[in-house]
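Novice: Sharing a structure, written as C-alpha cells. Questions coming.
The values are calculated or read from the model by the stated rules, or taken from the named source; none is laboratory data. Since this is a predicted model, take the numbers as computed values, not measurements. Every residue, glycine as well, gets a Cβ built from its backbone with ideal geometry; the counts of neighbours run over all protein chains shown. Accessible surface is based on the protein model in full, side chains and every heavy atom, while ligands, DNA and RNA are left aside. Shrake-Rupley method; radii C 1.70, N 1.55, O 1.52, S 1.80 Å.
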Amino acid sequence: MNIHEYISSGIIESYVLGLASEEERREFEEMCVSHPELAEARNSFELALEEQALKNAVPPPAGLKEKVWSAISHTTSPSKVINMETSRRSAGWGWVAAASIFLFLGAAYFAVTFYNRNKRLETSNENLVTRINQTDSLLNKITEEQKIMSDPNIMVVNMVGTQKATPGSASVYWDSTSSNVYLVVKNMPKLPSDKQYQLWALIEGKPHDLGLFDPHAEVILKMKNTQKADAFAITIENRGNTGGPNLEQLQSMGKAKL
Amino acid sequence: MSPYTKYSEQELVSLLLKQDNQAFSYLYDHYSPALFGIINQIVLDSETAADVLQDVFVNIWRKINSYDETKGRLFTWMLNIARNAAIDKIRSRPYRQSIKNQPLEENVNNTASRLAPQVNDIGLKKVVGKLKEEYRILIDLSYFQGFTHEEISRILDLPLGTVKTRIRSALMQLRTMIS
C-alpha cells in the first residue's frame, strides 16, 4: 500500500476519532513522522472536525466553569502531577494506615476480651479447687468419724446438759487403749466471741484439761489424750483458758463407765 | 490553526503548561460548548453530561503535560478525552442502572434498543444520520457507544474483517460530509 492509498484508507479518521487499535495507532504515528503529507492530511481532518464541533456547540450550564475552577484549585497543576501521584499514593498509604489501626484495634479488643475471659476462667477454676479441697477435707473428717464410731475399742460417753436453759449435748469418743479422745458436738449453744467451751476429764475428782473448742465445729474434734477418766465435763471458759475449770459454768457431764 | 482562536495553539499549550489561569479560562470559554456538544451526543442525560464535562476540564488541566503536539491538535486531544470520559460514564454501573438499561456484556446480542435511532440529532450525530443505514449503525456502535470492532462483529454477527472495512468506508464518507 503506497502512502496515498494509506491516506485514503480511512486510517486518518479512525486515528483522529480514537477508533484505531493500539497497533494501528503506533503504525500511524510512525508513518506521520516519515510522511509529512500524511500528517498534513491528518491535520486537515482534525481542523474539519474541530470546525464541525464548534458549529454544533452546546452551551454548558452556567456555573459549571466555577465548579471546574474550584475542582482544580483543590487538586493543582500540571507541574505538580508527580506530587499528585504521590499524594494519591499517600492516600493509598492512608488507607493502609487506617486499615492497620482498625486491625490493631480489633486485635486489642480480642486480646482484652480473651484476657478477661481467661481471668474469669482462672477465678472460677480457683473457686472449684477451693471447693474440692473443702469437700475433700470434709470427706476425710467424715471418714475418720465413721472409722472412730465403728471402732470396737471406742467408748461413747454421752454428755448431758446440766443447764436447763441451755441444754448442751455432745458425745465423747474415748479409745482407752490408745488414749485418743474425740468430741462430737451435737447441740451446744453459741458463745460470745471471748468465750470457749473446754472439755475436762475427771480423774479421782480432779479435772484434767482435754482442750478448748468452739461449738460450731460440724464434725468430730480431736481432743487431748487421756489414759484415765472417771467422767467428762464441759465448761464455759474465757477464750484460751489455761487455768482450772470454772465449775459454775459446767454445761454438760457424762460418766465414763469402765 | 483554528480561525477561532486568539491564541495560537502553541501559545495556548505553553501557557497551560505554566498553569496560566487566563489561558485555561480561554480554553474553557472557547472549547467547552464544542466538547459539551460531543458529550451530549454520547451521554443523553444533560445533567450527567455536565458532570462529565466538568471532569473533562479537570483532566485537561491535570494532564496537559501528556499532550503531544506531534500526534495531533489540542482539540483532537481534548475531544478524545471528552469522548472517552462520556463512554466511561455510559458504561458505568450507576449510569446504566439509572437509565434502567441492562448490562452491556450480557446483552451484547440484543441490539434492538441500541440500534434504534437516537432522538439526539445534533452535531456529528446528525451527519452520521445521513450515512446509509449499515454505516450509521457501525459509527453509532463504535464512536458513540465505544464498542470495539470485535464486540461489533459479535453484535451484528459480521466477520471482523467486514466490520473493519465498513467502518473505514463509513469514516471516509463522514469525512467528505464534514469537510
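Novice: Go through region A:128-238 and tell me which strands (runs of 3 or more DSSP E), entirely inside it, have 1 or more residues that are more than 30 Å from residue A:248 (Cβ to Cβ) and either open to solvent by less than 70 Å² (accessible area, probe 1.4 Å) or basic (Lys, Arg) (or both). Write out each step before concluding.
Specialist: Details: elements: A:154-161, A:169-175, A:180-187, A:195-203, A:206-213, A:220-223, A:231-238.
So the answer is A:154-161, A:169-175.
Novice: Among residues belonging to region A:21-39 that are in contact (Cβ under 8 Å) with a residue 12 or more places away in the chain and more than 11 Å from chain B (Cβ to nearest Cβ), point out the one that is nearest to residue B:173 (Cα to Cα). First the steps, then the outcome.
Specialist: Residues of region A:21-39 that are in contact (Cβ under 8 Å) with a residue 12 or more places away in the chain, as a first pass: A:24, A:28, A:31, A:35, A:37-38.
With the extra rule that they be more than 11 Å from chain B (Cβ to nearest Cβ), the set shrinks to A:31, A:35, A:37-38.
Values: A:31: 23, A:35: 23, A:37: 20, A:38: 18 Å.
Per the criteria, the residue is A:38.
Novice: Do you know which residues across region B:26-49 are within 30 Å of residue B:14 (Cβ to Cβ) and facing chain A (nearest Cβ under 9 Å)? Quick ask: steps written out before the conclusion?
Specialist: Initial filter on region B:26-49 (within 30 Å of residue B:14 (Cβ to Cβ)): B:26-39.
Across region B:26-49, the qualifying residues are B:28, B:29, B:30, B:31, B:32, B:33, B:34, B:35, B:36, B:37, B:38, B:39.
Novice: When you scan region B:50-64, do you find a residue that is exposed (fewer than 15 other Cβ atoms within 10 Å of the Cβ) and either facing chain A (nearest Cβ under 7 Å) or out of contact with any Lys or Arg (no Cβ under 9 Å at 6 or more places or on another chain) (or both), even just one? Quick ask: steps written out before the conclusion?
Specialist: Just the residues of region B:50-64 that are exposed (fewer than 15 other Cβ atoms within 10 Å of the Cβ), to begin with: B:63.
Now drop any that are not either facing chain A (nearest Cβ under 7 Å) or out of contact with any Lys or Arg (no Cβ under 9 Å at 6 or more places or on another chain) (or both), which leaves B:63.
Yes - at least one qualifying residue is present in region B:50-64.
Novice: What is the one condition in (1) open to solvent by 20 Å² or more (accessible area, probe 1.4 Å); (2) within 11 Å of chain A (Cβ to nearest Cβ); (3) without any contact (Cβ under 8 Å) to a residue 12 or more places away in the chain that residue B:147 does not satisfy?
Specialist: (1)
Novice: Filter region A:40-64 down to the residues that are under 30 Å from residue A:26 (Cβ atoms), more than 8 Å from chain B (Cβ to nearest Cβ) and without any contact (Cβ under 8 Å) to a residue 24 or more places away in the chain and list them by number.
Specialist: Across region A:40-64, the qualifying residue is only A:40.
Novice: Suppose we filter B:88, B:121 for residues that are at pLDDT 90 or above, of a type in the set (Asp, Glu) and under 18 Å from residue B:44 (Cβ atoms); which single one remains? Show your work before the answer.
Specialist: Details: B:121 fails: at pLDDT 90 or above.
After ruling out the rest, the residue left standing is B:88.
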